Amino acid sequence: MAIAFTCTVTDCGHRQGHIFSKRSYEKGIVIVTCSSCKNRHLIADHLGWFQNLTGDGANVTIEQLAKAHGVPLTKGRVGESEVLEVAGQDSVESTTNFASAS
Ligand SMILES: [Zn+2]
């Protein structure tokens, strides 16, 4: 699977794409690192590690989070791969942003 989104970290705003496994997205945890500012974004959390970001486990995928925050997310396909496209400037990433440890 893949996702395209815009980083909403202040002074970043980098539009980017990331690839991850469907299995992780449906059953595990998916975190992507912004290729520009290196901040991390939570895409899916089925294990409950980041309950503060998922509304105590109510919205555990970026699709559910986008819906909860009223942010347009479209689902498409490139070949065999599903692609999630999050609309330009939005609030999902600021919700799912968490600072990198470095
Ligand atoms: Zn960034």
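The table that follows gives values for the structure above.
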quantity: Highest-fluctuation residue, GLY70, GLY79, GLY28 considered, GNM on the chain with Cα pairs under 10 Å; calculated: GLY79
quantity: Contact order normalised by residue count of the range 7-51, Cα under 8 Å, 6+ apart, percent; calculated: 33 percent
quantity: Estimated FRET transfer efficiency (ASN52, ASP11; beta-carbon r; R0 25 Å; 0.05); calculated: 0.55
quantity: Solvent-free Debye scattering, log10 I(q)/I(0), computed from the Cα coordinates of the chain at q = 0.19, 0.20 Å⁻¹; calculated: -0.91, -1.01
quantity: Stretchable slack from ALA87 to ARG40, in nm (0.36 nm times residue separation minus alpha-carbon distance); calculated: 15.1 nm
quantity: Theoretical ellipticity at 222 nm over the chain - DSSP helices of four or more residues, -39500 (n - 2.57) apiece, nearest 500; calculated: -4000 deg cm²/dmol
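Bear in mind that the values in this text are calculations on the coordinates, not laboratory data. Because the structure is predicted, anything quoted here is derived from the model rather than measured. In this analysis, Cβ positions are derived from the backbone assuming ideal geometry, glycine residues included, and neighbour counts consider all displayed protein chains.
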